[in-house]
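Enquirer: For reference, the structure I am asking about is given below.
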Amino acid sequence: MGAERRPHAAANGGLHGQNVSADFLGTLYSKANLPWIQPEKLEIFEPKQKNPCQVTAENGKIKLNSLYDSSFLEGRDKYSYFLGGNHPVTEVTTSVKNGRNLLILKDSYAHSFVPFLTAHFETITLVDPRYFKEDLFAWMEGKGFTDILVLYNAATFAEDAILALLAVAE
């Protein structure tokens, strides 16, 4: 029906993995505080065919020339390596020219998924409703989004009252 099915880039060798940290301890570790839990590897998967991306957050105060901010690998919050951490709005501009602009309503769970989307969209705008304090629907008008994705970890999705408010908004 107009949709073309293509194999995922990883299936045909289009991605290569890289271990960026051997001592990752995530949010659940911090909450559980169980001393026998061992650190995990933090891995990224990048396309073999380069797709330069720029990341902008905090109304342009934060700018990265990559999806990754290696300064976070030295600290405790290694997950902020992806997209430079949590912000109300994060904008990713890719080198793709196809007219597709994605809006992601998300928690930080979505950050590690964004690299898999960069080959398919010109722009990817991430909004974290936990920190976004404007009228979302008014903000969205005129932005030219062609696609919307809601991407949360299951626990946050079940508990986030903000998402329930979005469902009843007129």
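Enquirer: Any lysines with Cα under 17 Å of the K50 Cα? List them, leaving off those in the same chain fewer than 8 positions away.
Expert: K97
Enquirer: Using only the Cα atoms of segment 46-87, build the gyration tensor, take square roots of its eigenvalues as a ≥ b ≥ c, and label the shape rounded, prolate or oblate: rounded if a/c is under 1.5, else prolate if a/b is larger than b/c, else oblate.
Expert: oblate
Enquirer: Just by accessible area at a 1.4 angstrom probe, what is the order of D147, D160 from largest to smallest?
Expert: So, going from the largest accessible area down, we get D147, D160.
Enquirer: Putting +1 on Lys and Arg Cβ atoms and -1 on Asp and Glu Cβ atoms, find which of S112, N19, I148 reaches farthest to the positive end of the dipole of the chain.
Expert: In the chain, that residue is N19.
Enquirer: Below 28 Å, Cα to Cα, which lysines can K31 reach? Residues fewer than 8 away in the same chain don't count.
Expert: K41, K78, K106, K133
Enquirer: Related question: Any idea what the relative contact order of segment 66-155 is, in percent, if you count C-alpha pairs under 8 Å spaced at least 6 apart?
Expert: Normalised by residue count, the contact order of segment 66-155 is 33 percent.
Enquirer: Enumerate the amide H contacts of G26 below 5 Å, restricted to partners 5 or more residues apart or on another chain; note that Pro and chain-start residues carry no placed amide H.
Expert: none
Enquirer: Contact order normalised by length for segment 100-144, with contacts defined as Cα pairs under 8 Å and 6 or more residues apart; what percent is it?
Expert: Relative contact order for segment 100-144 comes out at 49 percent.
Enquirer: Same structure, new question: Using a 1.4 Å probe, how large is the accessible area of K41, given in Å² and rounded to the nearest 10?
Expert: 120 Å²
Enquirer: Would you calculate, for the chain, the mean residue ellipticity at 222 nm contributed by helices, counting each DSSP H stretch of 4 or more residues as -39,500 (n - 2.57) and dividing by all residues, to the nearest 500?
Expert: My calculation for the chain gives -3500 deg cm²/dmol from helical runs alone.
Enquirer: First measure r as the distance between the Cβ atoms of L136 and W36, then evaluate 1/(1 + (r/R0)^6) with R0 = 41 Å and state the FRET efficiency to the nearest 0.05.
Expert: So, using R0 = 41 Å, E works out to roughly 0.45.
Enquirer: Sticking with this structure for a sec: Show me, for segment 95-103, the HN-Hα J-couplings you get by feeding each phi into the Karplus relation (A = 6.51, B = -1.76, C = 1.60, θ = phi - 60°), rounded to Hz, glycine and proline as x.
Expert: Here the 3J(HN,Hα) series is 8, 6, 10, 9, x, 9, 10, 9, 10 Hz.
Enquirer: At q = 0.15, 0.18 Å⁻¹, work out log10 I(q)/I(0) for the chain with the Debye formula, treating every Cα as an identical point scatterer and leaving solvent out; two decimals please.
Expert: So the normalised log intensities work out to -0.96, -1.32.
Enquirer: From the phi angles alone, apply the Karplus equation (6.51, -1.76, 1.60; θ = phi - 60°) to segment 61-67 and give each ³J(HN,Hα) in whole Hz, x where the residue is Gly or Pro.
Expert: Rounded to whole hertz, the list is 6, 10, 9, 10, 9, 7, 6.
Enquirer: Straight-line reach only, C-alpha to C-alpha below 16 angstrom: list the aspartates and glutamates that K48 could link to, leaving out same-chain residues fewer than 8 apart.
Expert: none
Enquirer: Follow-up. On the accessible surface of the chain, probed at 1.4 Å, how many percent belong to carbon and sulfur atoms?
Expert: 53 percent
Enquirer: Mean separation of Cα pairs under 8 Å and 6+ residues apart, divided by the residue count of the chain: what relative contact order is that in percent?
Expert: Relative contact order for the chain comes out at 17 percent.
The values are calculated or read from the model by the stated rules, or taken from the named source; none is laboratory data. Computed from a prediction, not measured in an experiment: that's the story for all the values here. When we count neighbours, we look across all protein chains shown, and the Cβ atoms used for this are built from the backbone with ideal geometry, even at glycine. For accessibility, only protein heavy atoms count, side chains too; no ligands or nucleic acids. Shrake-Rupley method; radii C 1.70, N 1.55, O 1.52, S 1.80 Å.
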